[in-house]
Amino acid sequence: MPYGSSTLVFDLGGEGEVLLPNCEAPSLSPSEMVRRALAHPIDSPPLRELARGRRSAIILIACRTRRTGSEVFVPLLADALNEAGIPDESITVCTATGSHDNFRPEDAPLLLGDAAGRVRFRGHDCINPEQLTDVGTTSRGTPVRLARQYLESDLKIATGRVTFHYFAGFSGGRKAVLPGVSAKETIIANHSMAVLREGGVRLNPDTRNGNLDTNPIHLDMLEAARFAPPDFTLTTVLNTRHEITHAFGGAMEASHLAGVEVVRRLDAPGVTARPDWVIAGSGGAPYDVNAIQALKALFNNFAIVRPGGAFILVAECAEGSPQWLLEATALATREELNQRIANRTVRQGHNALWIREARERAHVIMVSKLADQEVRALGFHPAHSPQEALALASDLSGRADRVAIIPYGNITHATFRES
């Protein structure tokens, strides 16, 4: 199982069902794939045509906790802009981190590839009012404030990788704008739609993996992005080796949906019998860098395990867990959590609710570098080795006749399909 930059070995003494996402080999070199996406976009002129006559450009990318292929495509985007007359000094690459404080200047070589040192590299600040501008209010009441550096650029380019997302449906596309370069209050208003408060606090059933049609978070993101849409969007799909297997350029919505269709096909393996145990990795570094990122493997996949079974989450979490999450998950009862969410005194209450849902379904065992008290605050059982995790699973949930193994749970959305 991937674990940080290494692996852990689980000896099951028998067979398990391995559920994998996209393992395709690229049909072309990643560079050639991106060049084709730029030259033959969907519902848009080629990037070089869009860039002619523009004085400046901004490229929105993901931060170090995600892999999108940016080290491949940022130099190619910069080359295309140069050819259209926009020099390197007028190109800004911005990590669209939303409210996550993940920007580090030293990440330029990792994220920009050969463009590091050529173009300006900046992070998004979701708090400083001087760097944010009001652009409107969505029909759902979200006040939309976006980064000035994005709004004031002549040419706006959004990039992103499509994966399943536990409350937005899918990552990529409009997420580069909201939450990517949005104000903190904009992000909070949007994400709060994951929780219903009228008639009792509970998770919104429409804010879930794979749902776009009736998902208020997605639809609100889309509406917000339309206030100041990117001129061009590059969408990528990657395999388990971080290789770009698909790239789609063009209009924000069309290019995003093209990536969504690929991910629906490749990253949602099904089971026809519920496993007694699930052993899920978070994909290793950088996806298991902290608890917030690592939990995606749990949220994506806990629904397939049988009630009362065991879910072993394998995630290094070298950078720990945010205190606000531990405080919310350590609350003694669900009623207390619901009350705190109703009073809006819990940050990102939807994450704590998802953790409660997982804990109520199965015994969650965590193999990580988190301190035992942190794992227990999450409501999980700490284990310090694969052997200890397997022994705990047996003690807590009984013998396992069926085991599902999900090494890349961060991008895998396993589903139960009745035969």
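Bear in mind that the values in this text are calculations on the coordinates, not laboratory data. This one's a predicted model, so the numbers in the text were calculated from it and none came from an experiment. Positions of Cβ are generated from backbone atoms using ideal geometry, with glycine treated the same way; all protein chains shown enter the neighbour counts.
Observations on the model:
- Spin-label model distance (nm) - THR214 vs ARG197, 7 Å beyond Cα toward Cβ: 2.3 nm
- Expected-Rg normalisation [2.2 N^0.38 Å, Cα atoms] applied to the stretch 291-387: 1.02
- Compared with the alpha-carbon gap, the fully stretched path from GLU357 to ALA273 is longer by 28.2 nm at 0.36 nm per residue.
- With q set to 0.15, 0.27 Å⁻¹, the log10 of I(q)/I(0) for the stretch 146-216, from the Debye formula over equal scatterers at the Cα positions, is -0.57, -1.22.
- Of all DSSP beta bridges confined to the stretch 23-150, the antiparallel ones make up roughly 35%.
- Rounded to the nearest 10 degrees, the angle from helix 30-39 to the longest Cα principal axis of the chain is 50 degrees.
- Taken about its Cα centre, the stretch 114-191 carries a charge dipole of about 220 debye when Lys and Arg each add +1 at the Cβ and Asp and Glu each add -1 at the Cβ.
- Relative to the longest principal axis of the Cα atoms of the chain, the long axis of helix 386-397 lies at roughly 60 degrees.
- Between LEU151 and ARG376, the FRET efficiency from the beta-carbon distance, with R0 = 35 Å, is close to 0.20.
- The chain: Lys pairs at Cα distance under 19 angstrom, eight or more positions apart or on different chains: 4
- Our estimate of slack between GLU89 and ALA332, defined as 0.36 nm per intervening residue step minus the Cα-Cα distance, is 82.1 nm.
- Remark: spin-label model distance ASP395-ARG241 equals 4.1 nm, labels positioned 7 Å along the Cα→Cβ axis.
- Proximity of backbone amide H atoms, modeled 1.01 Å from N, is registered between PHE311 and VAL278, HIS363, VAL364, ILE365 at under 5 Å, excluding neighbours fewer than 5 places apart on the same chain.
- Here each label is just a point 7 Å from Cα along the line to Cβ, and for ASP101 and ARG140 those points are 2.8 nm apart.
- Cβ crowding within 10 Å averaged over residues, with 265-272, 361-368, 301-308 ranked highest first: 361-368, 301-308, 265-272
- Percent antiparallel among DSSP beta bridges (both partners in the stretch 30-266, rounded to 5): 45 percent
- Charge dipole (the stretch 2-88, unit charges on Cβ, about Cα centre) - positive-most of SER27, THR7, VAL72: VAL72
- q = 0.06 Å⁻¹: log10 I(q)/I(0) that the Debye formula gives for the chain, counting C-alpha atoms only: -0.24
- Within the chain, percent of DSSP bridges classed antiparallel, to nearest 5: 30 percent
- Extension gain, ALA25 back to VAL9 (0.36 nm per residue minus Cα-Cα distance, nm): 3.2 nm
- Structural size metrics of the stretch 30-266, computed from C-alpha coordinates, are Rg and Dmax of 16.9, 58 Å.
- Listed residue (GLN373, GLY284, SER171) projecting farthest to the positive dipole end of the chain, Cβ model: SER171
- In this structure, the amide hydrogen of VAL144, modeled 1.01 Å from its nitrogen in the peptide plane, lies closer than 5 angstrom to those of VAL135, GLY136, THR137, THR138, counting only residues at least 5 positions away or on a different chain.
- Rounded tilt (10° steps) of 252-266 against the dominant C-alpha axis of the chain: 30 degrees
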